[in-house]
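The values are calculated or read from the model by the stated rules, or taken from the named source; none is laboratory data. For clarity, every value in this text was computed on a predicted model and none was experimentally measured. All Cβ positions, even for glycine, are placed from backbone atoms using ideal geometry, and neighbour counts span all protein chains on display.
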């Protein structure tokens with residue numbers, strides 16, 4: 001904690017030295033005019049989506065000279081104000097890219113009186129071309145005040161893939177070959193779908209991401225320093241996946257699909273809206289098929305003997321991932337709305353694997369065996385939610401949210417044990433059934449205090465129930481299965497209830513500082529047992545503070561400083577005590593006694609525009625206590641085997657930087673680059689030769705980078721390329737090697753943009769990728785090599801059917817006249 005206070009103190013001194021902002025280069029040139037004491041204010045929103053138009057341009061013109069006399073830019077909530085306006089007659093011009101320009105005429109200012117224009121709606125710019133909507137295109141990556149947004153719908157090379165294919169290209173995120181996600185080197189991340197947690201994330205985030213088709217994703221939001229409003233869960237930060245939806249009037253149907261040598265996809269999504277009521281339905285399925293090869297070399301020390309394992313295996317993976325949803329939204333009244341959604345997910349992943357294992361005792365072969373293993377990783381999930389929103393006035397809002405989630409998981413395997421001649425000598429079966437249930441009730445209230453201050457507060461209750469039933473069975477050839485006496489039947493009943501409340505305050509000063517400070521308190525009560533005995537896990541409460549400070553050093557540059565504390569509670573996969581021996585020499589199991597991991601993080605960021613180039617630099621320090629890490633040790637009952645579980649090992653310190661740049665070489669060609677470096681120090685307890693705990697540590701650097709380019713070629717053609725690399729990752733007992741990934745994609749639009757055809761390839765110059773890890777301790781040494789044949793080529797298509805439009809409404813303007821929206 002002393003380190004954090006020192007870093008905060010040092011950075012805050014440098015932060016305070018930032019220069020005062022220069023004049024905005026985006027404002028129109030103004031003609032000097034006498035200053036008055038009146039103010040003009042208002043809010044700019046999107047007429048179709050009913051959300052703020054961030055950073056809209058507002059220009060004030062004199063009615064006499066028809067020249068601009070003042071101007072400003074709306075904030076991230078769409079609010080704007082023009083101060084010190086003299087009495088007179090004016091007109092106001094409001095504009096932003098992607099929206100129709102709006103003019104408010106006959107604006108009269110009386111001496112000493114303010115004018116509130118209220119809500120001003122801008123309409124999206126599009127033309128109806130044979131039932132096709134053409135909208136303004138966003139940049140692939142947008143830097144907003146409190147988050148980075150990756151607009152996945154602009155990414156042509158990810159079509160036909162899944163969420164992990166999209167996340168590989170998002171700045172600060174990394175996805176390894178097994179689909180595991182990390183943010184700034186931390187894999188303990190809270191993943192949300194449309195701002196809500198989902199039960200499909202409970203088992204394994206890597207597996208859950210494969211259930212979400214890339215074509216369903218609109219954007220990815222990366223939040224490295226969440227405010228007090230967000231759950232404290234997720235030590236590394238928050239990744240929010242926003243799926244596509246449509247709020248325009250009419251009927252729309254979109255068909256997507258893809259064929260490839262490693263996967264095939266098909267999806268059907270539709271929207272219908274009439275007046276105040278809208279519906280959306282969606283269904284997406286993805287088939288995968290892949291091959292892999294593994295090579296395991298490990299040795300253990302037991303009773304003065306060295307037992308060496310040499311194992312080779314080849315595997316064939318095949319599976320189906322599906323997700324289906326139904327939702328509605330209803331405008332109860334002008335200031336009230338009700339939304340609901342039901343999401344269903346299916347994962348059916350199967351692996352056929354052939355293992356050949358040789359054991360050597362003191363370099364003398366002691367046994368040889370073969371195993372044919374068929375494993376099933378299955379799940380079905382459901383998320384049901386209903387949300388109510390009441391808006392009192394701009395920026396004053398009350399919401400009530402409820403959600404029920406359930407995920408049923410099956411992790412089974414069957415193994416045939418063979419001799420060297422291939423004859424069956426026995427069979428083994430592991431049955432592991434898991435259920436994760438969760439109910440959430442939440443209420444939030446946001447209100448402005450005045451023009452420069454706002455307040456947010458709320459409360460939330462989360463009620464979780466995790467169950468796991470598992471057993472091992474054995475069978476001799478021609479006999480029925482019986483319970484394995486060495487691995488008896490097990491059971492876990494784990495109830496976790498969380499109560500939370502938060503308060504957040506925002507202040508914007510006249511010299512362009514923004515302060516957002518808050519605190520969240522979460523109390524967790526756990527009740528757990530294994531059927532035979534109670535697991536004593538004390539209840540705990542944590543106060544989670546957050547501080548976010550930003551300083552605009554001109555319209556094109558922003559300096560940010562943040563501090564927050566996060567909690568990482570163990571997940572189902574880490575808690576499940578099932579003894580998974582699909583590979584009897586490399587066994588895994590969970591630990592129901594895990595405590596939460598606590599993280600303190602300080603982050604300093606700077607972003608700026610230099611002509612056509614956008615630059616962003618981030619420095620961070622992240623200090624973890626009760627760090628949850630995988631811990632491996634030898635087995636004292638299975639010769640030569642290593643058992644891996646999860647432990648609260650001790651502490652982990654990370655210091656890193658991320659540099660991101662994008663340049664728009666032409667309006668249709670952009671290039672972006674991302675580089676990150678991180679230094680990690682890990683310290684914890686590990687067993688020695690006699691099984692006693694000793695302190696061990698490991699340290700090292702990790703580097704990564706990515707280069708992306710995309711271009712519109714004309715006549716509906718577009719091309720995008722990507723190259724990325726990830727360096728070695730340090731663990732307490734060893735390290736994992738890095739990898740290189742690359743892709744190239746083309747897309748062609750046809751029939752007036754109703755349809756698209758695409759061709760994309762990934763890692764197409766090689767026959768696959770290698771993924772290696774090395775673990776070392778006084779008890780064992782392990783080298784594990786994995787070769788994945790993931791060279792991919794896929795053909796994708798999509799077609800839009802239907803007609804969407806924006807309805808014409810009339811409203812009263814600030815002057816009492818009717819205007820079209």
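For the range 363-375, the criterion of being surrounded by fewer than 18 Cβ atoms within 10 Å (Cβ to Cβ), within 30 Å of residue 277 (Cα to Cα) and not assigned by TED's automatic domain parsing to the domain that holds residue 43 is met by none of the residues.
Of the set (1) surrounded by 18 or more Cβ atoms within 10 Å (Cβ to Cβ); (2) within 35 Å of the chain's Cα centre (by Cα); (3) over 26 Å from residue 378 (Cα atoms), all apply to residue 330 but (1).
Inside the range 62-82, can you point out the residues that are within 44 Å of the chain's Cα centre (by Cα) and either surrounded by fewer than 21 Cβ atoms within 10 Å (Cβ to Cβ) or in a strand (DSSP E or B) (or both)? Break it down into steps so the answer makes sense when it comes.
Taking the range 62-82 as the starting set, the residues that turn out to be within 44 Å of the chain's Cα centre (by Cα) are 68, 70-82.
Matches in the range 62-82: 68, 70, 71, 72, 73, 75, 76, 77, 79, 80, 81, 82.
Of all positions in the range 83-97, at least one carries a residue that is more than 31 Å from the chain's Cα centre (by Cα) and assigned to a loop (DSSP other than H, G, I, E, B). Take residue 720 and tell me if it is under 30 Å from residue 754 (Cα atoms), touching a residue at least 60 places away in the same chain (Cβ under 8 Å) and assigned to a strand (DSSP E or B). So residue 720 fits the description; yes. Take the range 654-704 and flag every residue that is closer than 17 Å to residue 622 by Cβ and in contact (Cβ under 8 Å) with a residue 60 or more places away in the chain. Result: 654, 656, 658, 676, 678, 680, 702, 704.
Can residue 761 be described as within 28 Å of the chain's Cα centre (by Cα) and in contact (Cβ under 8 Å) with a residue 40 or more places away in the chain? For residue 761, the condition - within 28 Å of the chain's Cα centre (by Cα) and in contact (Cβ under 8 Å) with a residue 40 or more places away in the chain - is not met.
Among the candidates 34, 28, the residue that is surrounded by fewer than 15 Cβ atoms within 10 Å (Cβ to Cβ), part of a loop (DSSP other than H, G, I, E, B) and modelled with pLDDT under 80 is uniquely 34.
Residues in the range 455-486 that are within 30 Å of residue 399 (Cα to Cα) and in contact with a helix residue (DSSP H, G or I) (Cβ under 9 Å, 6 or more places away or on another chain): 1 in all. For the residues 288, 223, 242, 212, the requirement of being modelled with pLDDT of 80 or more and within 23 Å of residue 800 (Cβ to Cβ) singles out 242. Part of a loop (DSSP other than H, G, I, E, B), assigned by TED's automatic domain parsing to the domain that holds residue 430, at pLDDT 90 or above and touching a strand residue (DSSP E or B) at 6+ places or on another chain (Cβ under 6 Å), is that true of residue 583? No, not satisfied.
Among 316, 344, 320, 287, which is the only one that is in the same structural domain as residue 260 (by TED's automatic domain parsing) and over 23 Å from residue 254 (Cα atoms)? Lay out the reasoning, then the answer.
Working: 344 fails: over 23 Å from residue 254 (Cα atoms); 320 fails: over 23 Å from residue 254 (Cα atoms); 287 fails: over 23 Å from residue 254 (Cα atoms).
None of the others qualify; the one that does is 316.
Does residue 672 meet the test of being under 24 Å from residue 651 (Cβ atoms) and either touching a helix residue (DSSP H, G or I) at 6+ places or on another chain (Cβ under 7 Å) or buried (at least 17 other Cβ atoms within 10 Å of the Cβ) (or both)? Break it down into steps so the answer makes sense when it comes.
Numbers: under 24 Å from residue 651 (Cβ atoms): no; either touching a helix residue (DSSP H, G or I) at 6+ places or on another chain (Cβ under 7 Å) or buried (at least 17 other Cβ atoms within 10 Å of the Cβ) (or both): yes.
It is false that residue 672 is under 24 Å from residue 651 (Cβ atoms) and either touching a helix residue (DSSP H, G or I) at 6+ places or on another chain (Cβ under 7 Å) or buried (at least 17 other Cβ atoms within 10 Å of the Cβ) (or both).
Residues checked against (1) under 22 Å from residue 593 (Cα atoms); (2) in contact with a strand residue (DSSP E or B) (Cβ under 6 Å, 6 or more places away or on another chain); (3) not assigned by TED's automatic domain parsing to the domain that holds residue 532:
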residue	(1), (2), (3)
423	no, no, no
466	yes, yes, no
475	no, yes, no
491	yes, yes, no
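If you go through the range 636-652 and keep only what is at pLDDT below 90 and surrounded by fewer than 18 Cβ atoms within 10 Å (Cβ to Cβ), you end up with 636, 637, 638.
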